[in-house]
1. The range 172-206 to the range 224-298: how many Å between their Cα centroids?
2. On full extension of the chain, what length is gained from residue 60 through residue 127, given 0.36 nm per residue of separation minus the C-alpha to C-alpha distance?
3. Pairwise over distinct Cα atoms, reciprocal of the mean inverse distance: report the Kirkwood radius of the chain in Å, one decimal place.
4. Take residue 139, project a point 7 Å from its Cα along the Cβ direction, then tell me which residues of the range 275-294 have their backbone nitrogen under 16 Å from it.
5. Hey, with R₀ at 45 Å, roughly what FRET efficiency would residue 166 and residue 52 work out to, going by the Cβ-Cβ distance, to 0.05?
6. Rounded to whole Å and sorted largest first, what semi-axes of the equivalent ellipsoid does the C-alpha gyration tensor of the range 68-222 yield via the square root of 5 times each eigenvalue?
7. Quick one: compute a quarter of the convex hull surface over the Cα atoms of the range 234-284 and quote it in nm².
8. Inverting the mean 1/r over all pairs of different Cα atoms, compute the Kirkwood radius of the range 261-356 and quote it in Å.
């Protein structure tokens, strides 16, 4: 393996994969120093030869934060870039996608002074996010299991009211009722499905316990959970996903990062705004919107300023737009609470600074 002379490479683009990792290194003048594919177990050995402080950029992927932590431990400047911000720098365009071109595009994107990078997550953050990811998967499996049971029962003319609680309340009695058309094998099958349902409920409860413990033992999660429409699950996910909220210069930037700001298609001084961009973390954005929907639907019961604003917006624009608007407002308030250390006040009125 060719050794890189110390101080020669100043920036490296890395295209990560399961078995082969493509690297593209350039010097201070932008000349290519090295472009090659490395076996996964040889990547760190190659990175050791890079000079201290060398920028090593990679696309956001399932292993990007792991490699970034390893590279930071070597004294390198590890950076993670969103894939959608890398693609415009691929010299061959959409038709020339391969590992070498991707690594070169990552290297070029990392050189831009206005490029936005993803902060490297700690082991603690990713560990908590594992609980959230598992919880979402269990919820999907549980819904599929319930729908499967309903479908099987419908084959024998047994149809019940919507809702998991309604079905759960009658399922045992239905399986024990000898007057219906269920055959012996069908009953045994549905009993096994019912056991799977109970097991999934137990797994879901375990995840909720871990999230509740995170909310109880973390001051940042406690502060986030005080917002209207932000419960323990959303607060835990926000703190685990973002970590340091001071990486955003203001609440508007954080709202844009989550993907809650309108998509723009403006030209010639004319502004055209569409739906939200839906960029950033899908899970966190979904939680913020779901919580905002609940807050908007019950806003008429409260007399605070935010609830009154939500009620007025709902009457003017409909509850769906009001929910997304409240989710965006909550994202901005969440940034302010996390960065300023102030308690949430539902009656607070923000004042634009002079000249803004």
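No lab work stands behind these numbers, since they all come straight from the coordinates. Since this is a predicted model, take the numbers as computed values, not measurements. Every residue, glycine among them, receives a Cβ derived from its backbone with ideal geometry; neighbour counts consider all protein chains shown.
1. First find each Cα centre; the distance between them is then 40 Å.
2. Values: separation 67, 0.36 × 67 = 24.12 nm, distance 1.73 nm.
Value of the extension gain: 22.4 nm.
3. Numbers: mean 1/r = 0.0414 Å⁻¹.
Evaluated over the chain, this radius sits at 24.1 Å.
4. 281-294
5. Working: r = 63 Å, r/R0 = 1.41.
According to the calculation, E is roughly 0.10.
6. On the way: eigenvalues 500, 105, 29 Å².
Whole-Å semi-axes of the equivalent ellipsoid: 50, 23, 12.
7. Numbers: hull surface 16.6 nm².
About 4.1 nm², averaged over all directions.
8. Details: mean 1/r = 0.0671 Å⁻¹.
The Cα-based Kirkwood calculation yields 14.9 Å.
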